[in-house]
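Taking it in order: structure first as structure tokens, then the write-up.
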Amino acid sequence: MGKNATDHDRAALGEVSRRAFLSTSAAGIAVAAAGAPHANAQSASQRKWDRSADVVVIGAGVAGLPAAITARDHGVSVIVVDENYDIGGRGILSGGRVHLGGGHALQQKAGIKDSPDQIFADWTRHDTLDARYNDRDLVRVFADENVPTFNFLIENGVKFNERPIGPERASTVPRTFVTVEWPIASQLIAPGRGRNGSGLVRQLEVAARQKGAEILLQHEMKSIIREQGRSGKVLGITASHDGAIINIEARKGVIIATGGHTGNVNFRRTFDPRLTEEYQQACMPYVHQGADGELAAMEIGASLWATANQTAEAGAAITKTRHIGCRWGYATLVYQPESPMFHLAKATGLTVQDWQDVIFVNQAGRRFWNEADGSYKFFAAAMASSGEPGKLNGGGPIWAIFDADAAAREKWNPKPPNVDPDGFFFSADTIGELAGKIRNPYQKQQMSGAVLQETVSRYNSFVAAGVDQDFKKPTPTYKIETPPFYAAWSTPILHDTLTGLRTTPNAEVVDIHGEVIPGLYCAGESQGGFAQHGLARCLVFGRIAGRHAAKRSA
Ligand SMILES: Cc1cc2nc3c(=O)[nH]c(=O)nc-3n(C[C@H](O)[C@H](O)[C@H](O)COP(=O)(O)OP(=O)(O)OC[C@H]3O[C@@H](n4cnc5c(N)ncnc54)[C@H](O)[C@@H]3O)c2cc1C
């Protein structure tokens, strides 16, 4: 396990520990000289390395593993650090739907006509938010590197199902092919079960190890070490392991592949101030997205890029929770009771089949939108009315309210381990009593039983009339009238990081003055400039970063 604190705690703890670390100069790391342009600059005389490699990759996930393999393919030594107890990041829990095209062999076999120019045209379209704000220089190199990246995956043993899916999002032709699940189940969500994404990252792990990359698990990058001065080069990183801090030299380059920022409340609010602490993120509790790479790079001068992408309602930045009554009810991911993560996940959630079976209320007990809608209008409404005096940003907790009849229709058993009664699920014999029972770290005021009763009565009158006069839910169908009554956590879940560090098309990190930080690279969801969901851009720029770093003179 990487870090298991709550998102809120983590944001706070991350800040504190980093600051404390920098100010104590423990383990021989230099404190910034007065007036130095970046926080953890180090002079040559202060270097003392515990480990050394040509290229150091931070994060053994979807971007980090191809970076490591590619660097090894170019003959340089590689150390990969990952804070987790296993490799894979979110990739190991992903659906393995790899969105690479350009006319590769599987597309040809399926009779799909595609080209790098078509990818470029699709992902720079103005008429879709997935593409409008993308950095054209990055998309160009992405387009040109799709077929080589697909071939790289095949050469390194990744296997695909041959059935194409799509066209998806900005793409105009089918490009998605799904990786074959790894034969040894990861067991992360259930015994004997993996996810298709395991076939991608496990095979890349095998290839990386066979080719000689060293992977250090439970090593958490704490900072990136850079020479002083505007043109100072990156020298390595510090990492914590077993309570100690070690210094790892990177003779040619450091590659940030830490997977994005949605789990860091303070950081994500840079882009959308409404994303306050009540919003949880997909893939927790296995892997968080704490902005560690972004923060460490920014501390030595790095810049963000194409930040509009994070709020442009592209990709799947925010998702409607479909597994209600548990904390991390992401749309397609359920941790089963036998999962090794279950003591952290705590409940499977109740899977909603029909949104007619619930109403959503805010923490004041008021409805805010048509429950059947899953568009950005839903999220905007969910974030607009917290129902808490003084809380002007963020919608606060969202609760699904339903009755015993709804539970029967959905075939739910609303008891642990299906629900988490420790703050995320409540039941009572009356609506008023139910409101009074709701206690949760993010519920800052007690819900009024009278308000919730009024909401339910009004909704029941809409069911009788067949028309939702408030929010136009199509034909409200079922009254909420049969005890026991239930309240289940249903606050939207954050998914994609769609902005991050500014890089050149070679994945070199660029500073706030527009100049390359020598020896620093970034790929994956921590990289800014390209709002494409998921695996493909991580794989492509991971390879590019590994190649460029390996070719750099030390
Ligand atoms: C449930 C789910 C399903 C998905 N399905 C798909 C899909 O089918 N298709 C698709 O295209 N995309 C999918 N995605 C998205 C895809 O998984 C991600 O886009 C991708 O994994 C991001 O790759 P990355 O390398 O940036 O981050 P990750 O793969 O998450 O890797 C980041 C790594 O960095 C490590 N790390 C973080 N901080 C530190 C630190 N300080 N020190 C050391 N290590 C650190 C983490 O432990 C992690 O191993 C899915 C995502 C989820 C959550």
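The values are calculated or read from the model by the stated rules, or taken from the named source; none is laboratory data. Everything numeric here is computed off the predicted structure, so don't read it as measured data. Heads up, the Cβs are rebuilt from the backbone with ideal geometry, glycines too, and the neighbour counts pull from every protein chain shown. Note: areas computed on protein heavy atoms with side chains; ligands, DNA, RNA excluded. Shrake-Rupley method; radii C 1.70, N 1.55, O 1.52, S 1.80 Å.
Hey, what did the chain get for relative contact order, percent, Cα under 8 Å, at least 6 apart?
20
Run the dipole for the chain about the Cα centre, Lys and Arg Cβ at +1, Asp and Glu Cβ at -1, nothing else charged, and hand back the magnitude in debye, nearest 20.
For this selection, approximately 680 debye.
Could you sort 86, 420, 405 by accessible area so the largest value comes first, with the probe set to 1.4 Å?
Descending accessible area places them as 405, 86, 420.
Under the definition of Cα pairs under 8 Å and six or more residues apart, what whole-number percent is the relative contact order of region 112-270?
Dividing the mean separation by the residue count of region 112-270 yields 12 percent.
For residue 465 paired with residue 311, estimate the spin-label separation in nm (one decimal), with each label point 7 Å from Cα along the Cα-to-Cβ line.
3.6
Would you work out if region 325-494 is rounded, prolate or oblate? Take a ≥ b ≥ c from the square roots of the eigenvalues of the alpha-carbon gyration tensor; rounded if a/c is under 1.5, else prolate when a/b is larger than b/c, oblate otherwise.
rounded
Note down the nm distance, to one decimal, between modelled labels 7 Å out along Cα→Cβ at residue 437 and at residue 211.
The two pseudo-label positions are separated by 5.5 nm.
What is the magnitude of the charge dipole of region 325-494 about its Cα centre, with +1 placed on the Cβ of each Lys and Arg, -1 on the Cβ of each Asp and Glu, and no other charges, expressed in debye to the nearest 20?
The calculation lands at about 360 debye.
Can you give the translational diffusion coefficient of the chain in µm²/s, computed by Stokes-Einstein from the Kirkwood radius over Cα pairs at 10 °C and 1.306 mPa s?
Roughly 65 µm²/s, to the nearest whole number.
Number of Lys-Lys pairs in region 325-494 under 18 Å by Cα, sequence gap 8 or more or different chains?
6
Taking a probe of 1.4 Å, how large is the accessible area per residue of the chain, in Å²?
36
Out of 406, 434, 446, whose Cα points farthest toward the positive end of the dipole of region 399-452 (charges: +1 Lys, Arg; -1 Asp, Glu; placed on Cβ)?
Value: 446.
Any idea how far apart residue 336 and residue 475 come out in nm if each label point goes 7 Å out from Cα toward Cβ?
Each label point is offset 7 Å from its Cα along the Cβ direction, giving 3.6 nm.
Return the carbon/sulfur percentage of the accessible area of region 325-494, one whole number, probe 1.4 Å, all protein chains in place.
Taking all protein chains in place, region 325-494 shows 53 percent carbon and sulfur surface.
How much solvent-accessible surface does residue 333 expose, in Å² to the nearest 10, with a 1.4 Å probe and all protein chains in place?
10
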